Amino acid sequence: MLILMHAHASRADIDNVLRHVRDRGYEPIELPGTDRIAIGVLGTHPASIRDAVEGLPGVMDAIPVNKPYKLVGREWHPDHTVVEVSGVRIGGSEFVVAAGPCAVESQEQLLGAARGVRAAGATMLRGGAFKPRTSPYSFRGLGIAGLELLAKARAETGLPVVTEVLTPGDVELVADWADMLQVGTRNAQNFSLLEAVGQLRRPVLLKRGLSNTVEEWLLSAEYVVSQGNHDVVLCERGIRSFDTATRNTLDLSVVPLVKSLSHLPVAIDPSHATGHRQLVPAMARAALAAGADALLIEVHPDPDEALSDGPQSLTLDQFSELMDELRAVAPAVRRTMAAAGAVDLS
Ligand code: PEP
Ligand code: MN
């Protein structure tokens, strides 16, 4: 339920409405807008609230929110959300590219990738220290040593780091090192993990689950936001379909769709979406043209030797070429490419 107050409603009018809502056992949320205040009431059956507040001084309307997600929906929050990750703003007019290896493998590999993507114009560094692998016998990441290397790469390049957290018990540890916490596709409906990242004040990159509907994905985001962490970026990384020609099927239509349903920024991961490096640049350009706010791209200094996801990782030269292409596309869709802050790279 959204209670819309008149623009001229006084503070006493607002407090009076808040009191009426609380008296009925619900916790109201004040939602300041550009010219009037709205008051949100979460809960599945707040119909009685409507009768209680309609007619109170200053109340313009009380309207039910029909969507099952509330806080992440446009109905509650008509303006775009801009998520700030250590100085990089995702969701504004600037287009953000986060790039780096699938997994942190060694200092040489990570620093090589970080320096290369920074030189090409990336504004964030990606890399997994804790890797969710389908087989328990695959390389599952360097763990804490990988987090330390990510921090070292950030110190050297100035690029904020996004890395995955796999379990609720690791959330604080990963947050100690990373600028943004990634919740991967396999954990997109791990509700205790979502609540755990929701309890921190660290931005979250939430992948769409392998077979999640858009509504399920937005409800996963609602888990995070309902814990108080509003800094969520939604990331489409391809969904599972019948076709094995590509690793997954990139659902680019979610960019305009989700941006109409939700105020949260949307990122595209063309690497996991396609699984083939020759398909990545076209999908990356298309994502920017479609209105995405950011890209998450796998780049490896030597993809043939990568310990995970080599076939979908761009070489540094391919990434650099892609960044040139993105710089050409951006003005056509009224975006500018975000630029990394000044850092002494000598
Ligand atoms: C990743 O980005 O490293 C990753 C494992 O992605 P996903 O969860 O989308 O498979
Ligand atoms: Mn990967």
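Read-outs: derived from the displayed coordinates by stated rules, not from any lab. The shown structure was predicted, so the numbers you read here are calculated from the model rather than taken from an experiment. Using ideal geometry, Cβ is built from the backbone for each residue, glycine included, and neighbour counts are taken over all protein chains shown.
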Quiz item: So, in Å, what gap is there between the alpha-carbon centers of segment 70-111 and segment 246-306?
Solution: 13
Practice problem: Report the FRET efficiency, 1/(1 + (r/R0)^6), for Arg334 and Asp23, where r is their Cβ-Cβ distance and R0 is 51 Å, rounded to 0.05. | Solution: 0.60
Quiz prompt | In nm, spacing of pseudo-spin labels at Asp51 and Thr213 (7 Å Cα→C-beta vector) | solution = 3.2
Self-check item: the chain: antiparallel DSSP beta bridges as a percent of all, rounded to 5
Solution: 40
Quiz item: Roughly how tilted is helix 280-290, in degrees to the nearest 10 and between 0 and 90, from the longest Cα axis of the chain?
Solution: 30
Practice problem: Using the structure shown, list the pairs from Lys70/Lys131; Lys67/Lys131; Lys70/Lys207; Lys131/Lys152 with a Cα-Cα distance above 28 Å, or answer none. | Solution: Lys70/Lys131; Lys67/Lys131
Practice problem: Against the globular-protein guess of 2.2 N^0.38 Å, express the Cα radius of gyration of segment 200-346 as a ratio, rounded to two decimals. | Solution: 1.09
Quiz item: In what sequence, highest mean first, do 178-190, 316-328 appear when ranked by Cβ atoms within 10 angstrom?
Solution: 178-190, 316-328
Practice problem: Please work out how much length the chain gains when fully extended from Asp79 to Thr315, using 0.36 nm per residue of separation minus the C-alpha to C-alpha distance, in nm with one decimal. | Solution: 81.2 nm
Quiz item: Across 5 Å bins from 0, what is the distribution of all Cα-Cα pair distances for segment 2-63, in whole percents?
Solution: 4, 21, 37, 26, 10, 3
Quiz item: Expressed in nm to one decimal, what extension gain is obtained for the pair His276 and Phe139 from 0.36 nm per residue of sequence separation less their Cα-Cα distance?
Solution: 47.3 nm
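Cα-based Rg of the chain per 2.2 N^0.38 Å, rounded to two decimals?
Rounded to two decimals, the normalised Rg is 1.06.
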Exercise. May I ask you to sort Trp217, Trp76, Trp177 by Cβ crowding, counting other Cβ atoms within 10 Å and putting the fewest first?
Key: Trp177, Trp76, Trp217
Quiz item: Hey, what did the chain get for relative contact order, percent, Cα under 8 Å, at least 6 apart?
Solution: 17
Practice problem: Specify the angular offset, from 0 to 90 degrees and rounded to the nearest 10, of the alpha carbon long axis of helix 144-157 from the longest principal axis of the alpha carbons in the chain. | Solution: 90
Quiz item: Ranking Val161, Val65 by Cβ neighbours within 10 Å, fewest first, what do you get?
Solution: Val65, Val161
Exercise. Kindly provide the helix-only [θ] at 222 nm of the chain, computed as the sum of -39,500 (n - 2.57) over DSSP H runs of four or more divided by all residues, to the nearest 500 deg cm²/dmol?
Key: -9500 deg cm²/dmol
Quiz item: Do any chymotrypsin sites (Phe, Trp or Tyr not before Pro) in segment 113-163 lie in a loop, going by DSSP, with at most 16 other beta-carbon atoms within 10 Å of their beta carbon, and if so which?
Solution: Tyr137, Phe139
Exercise. Please work out the Cα center distance from segment 142-187 to segment 34-69, rounded to the nearest Å.
Key: 40
